[in-house]
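Shown next, in structure tokens, is the structure this report addresses.
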Ligand SMILES: Nc1ncnc2c1ncn2[C@@H]1O[C@H](COP(=O)(O)OP(=O)(O)O)[C@@H](O)[C@H]1O
Ligand SMILES: [Mg+2]
């Protein structure tokens with residue numbers, strides 16, 4: 001906090017800090033309460049789920065039984081969904097990150113006709129929610145016969161405009177034109193320069209785009225709901241929502257509520273894990289390895 | 001070793017014309033320096049030669065082969081960049097060997113060349129370090145080493161010393177001079193530093209606004225600048241330029257006059273005189289009269305800035321500490337006849353006999 005005239009002891013600084021802390025605390029509570037609810041709910045029996053206070057554990061600890069129910073219900077189809085989600089998210093994120101890297105690199109380092117217009121389109125695409133595109137996508141996918149295949153979910157997810165924007169800014173920052181020129185004088189081709197000279201400088205940006213695309217694909221609900229039709233292709237989001245719907249209809253009995261809750265808990269764990277693993281890329285930060293005269 | 005020929009080179013970025021018709025031949029083994037004010041197109045011209053920019057017009061020949069449409073790799077040149085442009089994720093050794101690996105040289109040959117360059121540049125102790133762990137001078141050496149190992153037909157330098165501190169800059173300047181003597185390679189070197197240009201160059205090319213103003217040996221440019229731009233750009237402190245008018249066998253400058261140094265029929269608009277061409281005499285005895293405004297004593301030399309009515313401030317260089325000169329003193333100035341440069345209304349030099 002190096003704001004001139006605002007030392008850590010000045011009343012002004014304290015007032016600001018208290019206010020800021022309060023706002024952040026409210027935000028934290030707002031974010032964590034639903035999460036905590038999922039955690040407590042998945043340890044309860046169905047009876048306790050409705051009979052006890054939502055934000056605390058019940059007397060009986062039922063998590064293990066819930067997990068067993070989750071993975072055995074309907075012949076263990078949940079594992080299949082989890083696997084699907086994992087597969088869709090991983091391929092989407094790898095592909096989206098590579099495309100974003102290449103596109104962002106081109107926007108940052110090459111001059112070509114129509115560059116401004118194309119980049120304006122990318123920015124425009126950032127503003128459009130993916131949900132708005134689902135129906136047109138459905139029609140296109142049905143035309144080329146890809147409905148109810150993994151590609152129906154993966155192909156649209158490879159297009160990740162925020163990633164392109166992010167990579168452009170990042171490449172601008174992290175790679176100097178002179179390094180690329182030095183590589184060219186040394187005789188290397190453009191892809192060779194990218195892969196062996198500049199890619200490692202871009203790892204933090206690449207990892208960021210990867211994880212954002214991964215989470216977006218992991219949480220994607222509406223697109224797979226529309227383009228997939230058989231249970232064996234569903235990701236967790238769609239599968240759980242269908243269980244939830246059948247629970248409220250009462251067809252499968254009340255048992256399903258805790259199973260859905262436990263499924264939700266299981267499905268967010270890998271995302272949290274991914275963030276923890278990726279963190280080391282951000283800690284290294286922008287300046288790692290970069291040589292500025 | 002290479003002869004590089006530029007003929008009719010032009011370069012525009014969009015509608016902005018940066019290089020506007022450059023013709024130049026750089027001889028085998030020559031050390032050529034491009035100087036000019038910032039934005040005059042020095043770097044652009046160098047990058048055109050390197051193949052990093054495409055020409056808008058004109059041809060570039062290396063040893064008689066037209067390379068205008070070839071990429072940088074095919075021109076077999078080496079370049080040293082202002083920011084050094086070392087590969088940050090590679091060690092010193094990897095930085096130097098990268099280009100050779102790209103060219104698929106045998107491992108033994110790569111090692112031989114890299115080790116030889118490392119020894120010549122005293123880099124052996126740092127071969128496994130990353131650039132971030134090197135000082136500015138060491139990074140500069142690595143950049144030069146990376147250029148040497150490729151055994152290029154010519155070296156291109158873009159202000160290679162401008163990021164170093166003053167003392168180191170002098171050392172590296174001497175090293176580059178030695179490098180040129182040792183390799184006898186063609187070198188093209190961009191700088192805006194007077195001293196680098198005067199001391200290193202076989203030939204200086206003065207650029208302004210994307211046009212070559214003059215090409216010549218350093219002293220030739222100093223002694224016979226072809227126009228007012230070169231006259232004022234080469235030399236530090238710069239040449240005094242005075243508005244002048246011919247009056248028979250005299251040249252009138254302000255309220256004073258000097259004899260015409262040589263016969264000429266061309267109209268005279270300005271005269272130029274270097275700071276060492278002005279001699280301080282007692283008031284009333286000089287060609288022109290002035291008043292001392294500022295005195296800078298450097299020990300070996302003294303610079304005096306003298307306000308002359310109608311002509312502005314003139315710079316005078318006096319050898320020694322000039323004990324006799326005081327602030328606000330009224331003095332006379334004599335212009336040494338052999339050191340007067342004449343310029344016409346377009347700013348072009350008037351030579352003896354014109
Ligand atoms: N890629 C580019 N696009 C547009 N203008 C450029 C580009 N590169 C250089 N210029 C312009 O060309 C002019 C000359 O630049 P440069 O050759 O770097 O000058 P110098 O090295 O003599 O200082 C400058 O006005 C600069 O802004
Ligand atoms: Mg420059």
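How many of the residues in the stretch B:139-168 are away from ligand 1 (no atom under 16 Å from the Cβ) and either surrounded by fewer than 19 Cβ atoms within 10 Å (Cβ to Cβ) or part of a loop (DSSP other than H, G, I, E, B) (or both)? Please lay out each step first, then the result.
Of all residues in the stretch B:139-168, those away from ligand 1 (no atom under 16 Å from the Cβ) come to B:139-155, B:164-168.
From what is left, the residues that are either surrounded by fewer than 19 Cβ atoms within 10 Å (Cβ to Cβ) or part of a loop (DSSP other than H, G, I, E, B) (or both) are B:150-153, B:164-168.
Residues flagged as away from ligand 1 (no atom under 16 Å from the Cβ) and either surrounded by fewer than 19 Cβ atoms within 10 Å (Cβ to Cβ) or part of a loop (DSSP other than H, G, I, E, B) (or both) within the stretch B:139-168 amount to 9.
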Candidate set from the stretch B:42-55 (those that are part of a loop (DSSP other than H, G, I, E, B) and within 14 Å of chain A (Cβ to nearest Cβ)); member that is farthest from the chain's Cα centre (by Cα):
B:54
Within the stretch B:205-237, of all residues that are within 16 Å of ligand 2 (Cβ to nearest atom) and touching a helix residue (DSSP H, G or I) at 6+ places or on another chain (Cβ under 9 Å), the one nearest to residue B:17 (Cα to Cα) is B:210
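If only one of B:24, B:6 is more than 16 Å from ligand 2 (Cβ to nearest atom), buried (at least 19 other Cβ atoms within 10 Å of the Cβ) and farther than 26 Å from residue A:175 by Cβ, which one is it? So that I can check it myself, show each step before the final result.
On the way: B:24 fails: buried (at least 19 other Cβ atoms within 10 Å of the Cβ).
Exactly one of B:24, B:6 is more than 16 Å from ligand 2 (Cβ to nearest atom), buried (at least 19 other Cβ atoms within 10 Å of the Cβ) and farther than 26 Å from residue A:175 by Cβ, namely B:6.
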Do we find that residue B:190 is within 16 Å of ligand 2 (Cβ to nearest atom) and more than 13 Å from chain A (Cβ to nearest Cβ) in this structure?
yes
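Within the stretch B:70-116, restricting attention to residues that are more than 14 Å from chain A (Cβ to nearest Cβ) and assigned to a helix (DSSP H, G or I), which residue is nearest to residue B:178 (Cα to Cα)? Before the answer, list the steps.
As a first pass, look at the stretch B:70-116 and keep what is more than 14 Å from chain A (Cβ to nearest Cβ): B:93, B:106-109, B:111-112, B:115-116.
Filter once more, keeping what is assigned to a helix (DSSP H, G or I): B:93, B:107-109, B:111-112, B:115-116.
Working: B:93: 23, B:107: 29, B:108: 27, B:109: 24, B:111: 23, B:112: 21, B:115: 19, B:116: 16 Å.
Checked the stretch B:70-116; the qualifying residue nearest to residue B:178 (Cα to Cα) is B:116.
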Residue pairs meeting the criteria (Cβ under 6 Å; at least 6 apart or on separate chains; first over 16 Å from residue B:5 (Cα atoms), in the stretch B:30-47; second assigned to a helix (DSSP H, G or I) and near ligand 2 (Cβ under 9 Å from one of its atoms)):
B:36/B:42
For residues that are buried (at least 24 other Cβ atoms within 10 Å of the Cβ) and in a loop (DSSP other than H, G, I, E, B), tally how many sit in the stretch A:201-238.
1
From the options B:33, B:19, B:9, residue that is modelled with pLDDT of 95 or more, more than 11 Å from ligand 1 (Cβ to nearest atom), within 18 Å of the chain's Cα centre (by Cα) and part of a strand (DSSP E or B)
B:33
Filtered residues of the stretch B:144-178 (kept if within 16 Å of ligand 2 (Cβ to nearest atom) and within 30 Å of residue B:65 (Cβ to Cβ))
B:156, B:157, B:158, B:159, B:160
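Mind checking whether some residue in the stretch B:81-92 is touching a strand residue (DSSP E or B) at 6+ places or on another chain (Cβ under 8 Å) and closer than 19 Å to residue A:180 by Cβ? Please lay out each step first, then the result.
Initial filter on the stretch B:81-92 (touching a strand residue (DSSP E or B) at 6+ places or on another chain (Cβ under 8 Å)): B:81-82.
Still in the list and also closer than 19 Å to residue A:180 by Cβ: B:81-82.
Within the stretch B:81-92, one or more residues are touching a strand residue (DSSP E or B) at 6+ places or on another chain (Cβ under 8 Å) and closer than 19 Å to residue A:180 by Cβ.
Name the single residue that is farthest from the other protein chains (Cβ to nearest Cβ) among those in the stretch B:9-21 being in contact with a strand residue (DSSP E or B) (Cβ under 9 Å, 6 or more places away or on another chain) and within 16 Å of ligand 2 (Cβ to nearest atom). Reasoning before the result, please.
Looking only at the stretch B:9-21, we keep the residues that are in contact with a strand residue (DSSP E or B) (Cβ under 9 Å, 6 or more places away or on another chain), and these are B:9-12, B:17-21.
From the residues that got through so far, the ones that are within 16 Å of ligand 2 (Cβ to nearest atom) too are B:11, B:18-19.
Numbers: B:11: 14, B:18: 15, B:19: 17 Å.
Among those residues, the one meeting the criterion is B:19.
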One residue is enough: does the stretch A:127-134 have a residue meeting the conditions within 23 Å of residue A:207 (Cβ to Cβ) and part of a helix (DSSP H, G or I)?
yes
Being buried (at least 17 other Cβ atoms within 10 Å of the Cβ), modelled with pLDDT of 95 or more and closer than 15 Å to residue B:347 by Cβ, is that true of even one residue in the stretch B:188-208?
yes
When you check residue A:120 against the structure, is it at pLDDT below 95 and either assigned to a helix (DSSP H, G or I) or over 24 Å from residue A:86 (Cα atoms) (or both), yes or no?
no
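The values are calculated or read from the model by the stated rules, or taken from the named source; none is laboratory data. From a predicted model like this one, the values you see are computed outputs, not experimental measurements. So basically every Cβ, Gly included, is an ideal-geometry build from the backbone, and we count neighbours across all protein chains shown.
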